[in-house]
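Engineer: Please find one structure pasted underneath; my questions will follow.
Each reported figure results from applying straightforward, stated rules to the coordinates on display, with no laboratory input. Since the structure is predicted, the reported quantities are computational estimates derived from the model, not experimental observations. Here the Cβ is made from the backbone with ideal geometry for all residues, glycine too, and neighbour counts use every protein chain on show.
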Amino acid sequence: MSLHPRVAIVTGGGRGIGRAMALALAGAGARVIVSSARENAEIAAVADEAERRCGERRIVAMVADVTRDGDCARLVAAATDCFGRLDVLVNNAGRGMKYVSETFITEPTRFWDVAPETWRMVIDTNVVGPFLMARAAAPVMIAAGWGRIVNISMNHETMRRRGFSPYGPSKAALESETIIWAQDLAGTGVTVNALLPGGVTLTGMIPDGVAPELRAQALDPAIMARRSSGSPPSGRTASPAGASSPPAGGRTSPKRKPPRPRRTWPGGRLGRTGAPPARAIAGPPAARAGERRALPAPRRRASGPASSRRESP
């Protein structure tokens, strides 16, 4: 499916999930602004890679900190100045648990041992950053009558996992933002969705010292570059293993093939893999607002109040 002449912004696009999505969007014909808070060399390399693949310059690299409202406004202005429009915002930039501890996977950090400045840094990037970016982008999209805002999230288990403060709470807040913003934007032609890879993903958030056998279980970020059928209703969360379009307020995963078995990870489990949606990003305005799409998991019997909450409402 061609995304020409769509224009997208991908924050945190120098590595991992952001890099994979930026290259996929450019490969499908979109023009992309890719940002990084500090690493200009990484995002410049992504722009060069896209040019080699596509035969033309489709990615513009910019250093911008999503925790600064002036930088967010500058990214949106760059999209409209360079390409005359803005259709898609991918809020991918984030800070993970390695800023709390390099051994967080095997040695959970208790919340009272987290430095306040580290907590604020993670929340500012993962919660305030998407707000500032969406705040800057929404008026442009509303004026055009069409837009897609995609917030990169993670599975509910990780949000509630022991020792995952403040990363878990930050993503829970992001999902709340997704649902609320989708309702605020209802009727404007602009949708908001959350997209998750479906399990632990091999990005810069995984410390270098993680054991090779654990790294081997992590998903390849390229999973976020695959396409799935269906355009998710706005306000939902999507993950690379889902194909159908769940009702507003649910979670979605990009379609997977072939099926992979679940694998264990310290403190939780990896989801089944799949692929994200060029159509979820640039699909028809029929998408409803507020959708969070999650990886479809086998149904489990309720064993009490604690198990009454499902991954996909």
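Engineer: In sequence order, what are the phi-derived ³J(HN,Hα) couplings for the stretch 125-136 according to the Karplus relation 6.51 cos²θ - 1.76 cosθ + 1.60 with θ = phi - 60°, rounded to whole Hz, with x for glycine and proline?
Structural biologist: Karplus values, whole Hz, x for Gly and Pro: 6, 7, 10, 6, x, x, 4, 5, 5, 5, 4, 6.
Engineer: What is the calculated FRET efficiency for residue 63 to residue 135, with r their C-beta to C-beta distance and R₀ = 25 Å, to the nearest 0.05?
Structural biologist: Step by step, r from the Cβ atoms, then E = 0.80.
Engineer: Tell me which residues come under 5 Å, amide H to amide H, from residue 190 once H is placed; ignore anything under 5 positions away on its chain.
Structural biologist: 147
Engineer: How far apart, in nanometres, would the label points at residue 38 and residue 102 be if each is projected 7 angstrom from Cα along the Cα-to-Cβ direction?
Structural biologist: It is 1.5 nm.
Engineer: Follow-up. How long are the semi-axes of the equivalent ellipsoid of the stretch 1-49, defined as square roots of 5 times the Cα gyration tensor eigenvalues? Whole Å, largest first. Walk me through the numbers before you get to the answer.
Structural biologist: On the way: eigenvalues 70, 17, 15 Å².
Its equivalent ellipsoid spans semi-axes of 19, 9, 9 Å.
Engineer: Please compute the length gained on full extension between residue 51 and residue 77, using 0.36 nm multiplied by the number of residues separating them and subtracting their Cα-Cα distance. Mind dumping the intermediate values first?
Structural biologist: On the way: separation 26, 0.36 × 26 = 9.36 nm, distance 2.23 nm.
Computed gain between residue 51 and residue 77 is 7.1 nm.
Engineer: Rank-order 175-181, 112-118 by packing density, defined as the average count of other C-beta atoms within 10 Å over each peptide's residues, highest first.
Structural biologist: On the way: 175-181: 20.3, 112-118: 10.9.
Packing order, densest peptide first, comes out as 175-181, 112-118.
Engineer: If I stretch the segment between residue 180 and residue 110 completely, what's the gain in nm (0.36 nm per residue apart, minus their alpha carbon distance), one decimal? List each step's numbers first, then the result.
Structural biologist: On the way: separation 70, 0.36 × 70 = 25.20 nm, distance 3.01 nm.
Length gained, residue 180 through residue 110: 22.2 nm.
Engineer: What residues qualify as long-range amide H neighbours of residue 91, i.e. H under 5 Å apart, gap of 5 or more or another chain, H built at 1.01 Å from N?
Structural biologist: 150, 151, 152
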